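The values are calculated or read from the model by the stated rules, or taken from the named source; none is laboratory data. This one's a predicted model, so the numbers in the text were calculated from it and none came from an experiment. Methodologically, a virtual Cβ is constructed for each residue, glycine included, from the backbone with ideal geometry; neighbour enumeration extends over all protein chains shown.
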Amino acid sequence: MNAFIFPGQGSQYCGMAKDIFQQYPEARRLMEEANDILGYSITDIMFNGTEDILRQTRYTQPAIFLHSIAISRLLGDCGAAMTAGHSLGEYTALCHAGAMSFEDALRIVSKRGELMQHAGTENPGTMAAIIGMSHESLEALLAEAGSSGTVQAANFNSPGQVVISGDIAAVRKAVEAAPSMGARMAKELVVSGAFHSPLMKPAEEELKASLDEIAITNARIPVCMNVVAKPVTDAGEIRDNLVLQLTSSVLWAQSVEAMITGGAASFIELGPQKVLQGLVKRIDRSVSTEGIDTAEQVGRYLSKKEELS
């Protein structure tokens, strides 16, 4: 069974999706529609923007969403029985699964990016990668660092790879203490806020209000959602989980394990880079992984499907 997975923030790169725009008229129409919906040229930022501009959360999120969903549309019903996305990528997964329209998903993703960027300014925070710690040691580390402020596990990416998030002082205390508590590596990340932590709370109510304005329907295939790490199709659950996701941990490793238990044997990442493919392999080496990022890779995948049909 195939599962489509969609990347989150950090996978962007200069020139992303430009070849897809140039070679596939359907993708070009979708991207031009996105420019009209947003009221500015996100494609210009994707194709010609600097790394600094593309790294701004308000642009990063719609850019990655658009790259990924364009590929999804080109593949159509090419064989995914379930789907999931990492943080931002969850919106792409839901759009792919038919739970929200392209226009609504793009508007929400854009709003979410703006809200998260603003919350990062209002409540300054940071994030750090912690590699090679046991769950028990991580809990002890967070408890110790918590004496300096808010800090929690933000992303459970793969066994032994966790990202923490919170107040600058608390995260830096955790980074400093981690090696002596068993971590193989601890490194602060270059981010614009403490994502997936209580410091995103200022964005939560506005995101909920925006979500309440759009139609969310039952998903046509299961979406394994970040905050519960289980397949979801119910529209009400989807809406609730998207609000919770902003301040809750992303249970990515647990989600992949749930998908494998549900029958997924092949994970295909649609969108920029190959971060999720690496994580899936660390979670379970018995499954296969593939990435579709470029126009060439889209063509190759479609040709392969045509041969098999």
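If only residues of the range 164-205 that are in a helix (DSSP H, G or I) and modelled with pLDDT under 95 are counted, the one that is farthest from Gly146 (Cα to Cα) is Glu205.
On the stretch given as the range 21-60, residues that are in contact (Cβ under 8 Å) with a residue 24 or more places away in the chain, of a type in the set (Lys, Arg) and part of a helix (DSSP H, G or I) total 1.
Within the bounds of the range 273-282, is there any residue that is touching a helix residue (DSSP H, G or I) at 6+ places or on another chain (Cβ under 7 Å) and under 21 Å from Met127 (Cα atoms)? Yes: the range 273-282 contains one or more residues that are touching a helix residue (DSSP H, G or I) at 6+ places or on another chain (Cβ under 7 Å) and under 21 Å from Met127 (Cα atoms).
Of all the residues in the range 248-282, those that are among the hydroxyl-bearing types (Ser, Thr, Tyr) and surrounded by 23 or more Cβ atoms within 10 Å (Cβ to Cβ) number 1. One residue is enough: does the range 134-144 have a residue meeting the conditions more than 30 Å from Glu213 (Cα to Cα) and in contact with a Gly (Cβ under 6 Å, 6 or more places away or on another chain)? Checked the range 134-144: at least one residue is more than 30 Å from Glu213 (Cα to Cα) and in contact with a Gly (Cβ under 6 Å, 6 or more places away or on another chain).
Within the range 23-65, the residues that satisfy the criterion of being of a type in the set (Lys, Arg) and either under 21 Å from the mean Cα position of the chain (by Cα) or under 21 Å from Ser87 (Cα atoms) (or both) are Arg55, Arg58.
Looking at the range 231-240, can you tell me whether even one residue there is buried (at least 23 other Cβ atoms within 10 Å of the Cβ), of a type in the set (Val, Ile, Thr) and modelled with pLDDT of 95 or more? So far as the range 231-240 goes, no, none of its residues is buried (at least 23 other Cβ atoms within 10 Å of the Cβ), of a type in the set (Val, Ile, Thr) and modelled with pLDDT of 95 or more.
Okay, residues lined up against (1) assigned to a helix (DSSP H, G or I); (2) under 15 Å from Met16 (Cβ atoms); (3) hydroxyl-bearing (Ser, Thr, Tyr):
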| residue | (1), (2), (3) |
| --- | --- |
| Pro62 | yes, yes, no |
| Asp77 | no, no, no |
| Ala84 | no, no, no |
| Tyr91 | yes, no, yes |
| Asp104 | yes, no, no |
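Rundown of residues vs (1) in contact (Cβ under 8 Å) with a residue 40 or more places away in the chain; (2) surrounded by 22 or more Cβ atoms within 10 Å (Cβ to Cβ); (3) not hydroxyl-bearing (Ser, Thr, Tyr), yes/no style:
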site	(1), (2), (3)
Lys111	yes, no, yes
Glu114	yes, no, yes
Met127	yes, yes, yes
His135	no, no, yes
Ala143	no, no, yes
Asn155	yes, yes, yes
Gly166	yes, yes, yes
Ala178	yes, yes, yes
Arg184	yes, no, yes
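Could you list, in sequence order, the residues of the range 134-153 that are among the hydroxyl-bearing types (Ser, Thr, Tyr) and more than 17 Å from Pro198 (Cα to Cα)? Within the range 134-153, Ser134, Ser137 meet the criteria.
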